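Novice: This structure is in C-alpha cells; I'll ask about it shortly.
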Amino acid sequence: MQTMLSQIPIFAGRARVITHLSGWLLLAFMFFYFLSGVRSVEEAFGRTGVNLSFMLAIFYGNTRFLVNRYLEIGRRSQYLAIVVLVLLGSAFLRSWVEVYWFGGSLFRMYTQGQDGTWRLFWGYFISFFLLWVFSTLYQLVENRHALAIQHLELGVRHQEAQLNYLKAQINPHFLFNTLHNIYAAASLQHPKTAEMVLRLSDLLRYVTYEAQADQVPLEKELAQIYAYLDLFQLKSESPLPLKVEVWGALQSWQIEPLLLLPLVENALKHGDLEIDLRAFLNISLHLSPEQLNFRVENSFDPSNAQKDAVGGVGLENVRHRLALHYASRHEFTASARENTFFASITLYAQ
C-alpha cells in the first residue's frame, strides 16, 4: 500500500495544488454555465461565488482543521458535534442568502412558503453533508499517504544508518590486517616496507574518501583489489600463486564501495599462500549487462584455527550490506570443502 500511495501524483507538492485548483475552476465553470442559462450574467457570477465560498469553507475547514485537530487524534465526539453545528449553520446561512439576497431559490415553485423554506434548508444541508463526507475521506487518505511516505523515509534512513555502520566496521578491519602485514615486513627490515606504506596510503584514501559514496565505478573497486594484492605480494620474496581473471565490460557497472574487497582480504588473511607450496588464490569477475559475478577461491589449512580466533567481520559484514542495499537483487555464498574455501557475490541489474 505504501508503494502504491507514494506513486499517486495528486498527493505530492505542486501537483496537489494544480489538482485542487483545476477541480475548483472546473466546478466554478459548471456552476456559471448552468446559472447563466437561467439568470443574468451578474446574478450567475454572484451565485457561483457564493456557492464556491460555502463549499471551499466546508471542504478546507474540515480537511485542514477539523479532521486533523479532532478526528485523527481520537476526539471523535467533539468532532461530530462541531460538524453537525457547522453543517446546520452553513445550511441555514446559505438558505438565508438565497432567500434574502437573491430574492428566492431558482426552484421557486418548490420553495415557496414555510414548507418550501424548509425544503431549501434540507436540500443545502444534504449537499453540504455529502461534501463533508467527501472531504473527510479525502483528508483521511491524504494523511495515510503522508504517514506511509514518512515510514518509507524512516526505513530508508534506518538502512542508510546501518550501511554507514557496516562501512565503518570495514575500515578498521581492513586497516588492522594491512598494518599487521606491514609490521611483519618492517620487523624483518624488508626493503619494500616503504613501498608498502605508500600503497597503504593509496588504499586508505579510497577507503576514507571515495568509499563514502553510495556507488563507485566498478573499475575503482577492482583497482583497489589489485593494489591490495600488490601490497600483499610485496612482503614475499617470490611471486605468490595469485590469479585474477576479468571477463566483460567494467564500464557498464557501478557498485557499492568496499563490497568486493573484503572477499579478497578474507582469502589472504585465512589462506595459506605463504606456508604451502601448493596453495592458490583464484579471483574471477564475470560481467554482462544483466549480471555481475565475483568469485574468490583460496586454499587454506583446516588444522590452523588460530587465524580465525579474531575477526569474522568481513564476510558477515558483506552479507548484511548486500541484504540492505541489494535486497532481492543478489546472491551470496560462502562455503568450505576440504582445504578450499569459496566465496561468491552475484549482483543482478535492476
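Throughout, read-outs are computed from the coordinates displayed, never taken from laboratory work. All figures in this text were calculated on a predicted structure; none of them were measured in a lab. Note: ideal-geometry Cβ built from the backbone for every residue, glycine included; neighbour counts use all protein chains shown.
Novice: How long is the gain from S284 to E42 if the chain were fully straight, where each residue apart is worth 0.36 nm and the alpha carbon distance is subtracted?
Specialist: 79.0 nm
Novice: Between S201 and Q150, what's the calculated FRET efficiency when r is the beta-carbon distance and R0 is 35 Å? Round to 0.05.
Specialist: Here the calculated transfer efficiency is 0.20.
Novice: What is the extension gain from A15 to M30, computed as 0.36 nm multiplied by their sequence separation minus the C-alpha to C-alpha distance, in nm to one decimal?
Specialist: Extra length from A15 to M30 when fully extended: 3.2 nm.
Novice: Extending each Cα 7 Å along its Cβ direction at L85 and R69, get the distance between those two points in nm, one decimal.
Specialist: 1.1
Novice: Within 10 Å of each residue's Cβ, count the other Cβ atoms and sort V296, V38, V197, V67 from fewest upward.
Specialist: Ascending number of Cβ neighbours within 10 Å: V38, V197, V67, V296.
Novice: What chymotrypsin sites (Phe, Trp or Tyr not before Pro) does the range 209-276 have in DSSP loop regions with at most 15 other beta carbons within 10 Å? Working shown, then result.
Specialist: Numbers: sites: Y209, Y226, Y228, F232, W247, W253; in loops: Y209, W253.
Within the range 209-276, the qualifying chymotrypsin sites (Phe, Trp or Tyr not before Pro) (loop, at most 15 other Cβ atoms within 10 Å) are Y209.
Novice: Same structure again: Taking the Cα-to-Cβ direction at S252 and at S77 and moving 7 Å from each Cα, how far apart do the two end points lie in nm?
Specialist: About 6.8 nm, to one decimal.
Novice: Something else: Among L147, L258, what is the fewest-to-most ranking by other Cβ atoms within 10 Å?
Specialist: L147, L258
Novice: Now a separate question. Can you compute 3J(HN,Hα) from phi for each residue in the range 47-57, using the Karplus curve 6.51 cos²θ - 1.76 cosθ + 1.60 with θ = phi - 60°, rounded to whole Hz and x for Gly and Pro?
Specialist: With the stated coefficients, the range 47-57 comes to 5, 4, x, 5, 4, 5, 4, 5, 5, 5, 5 Hz.
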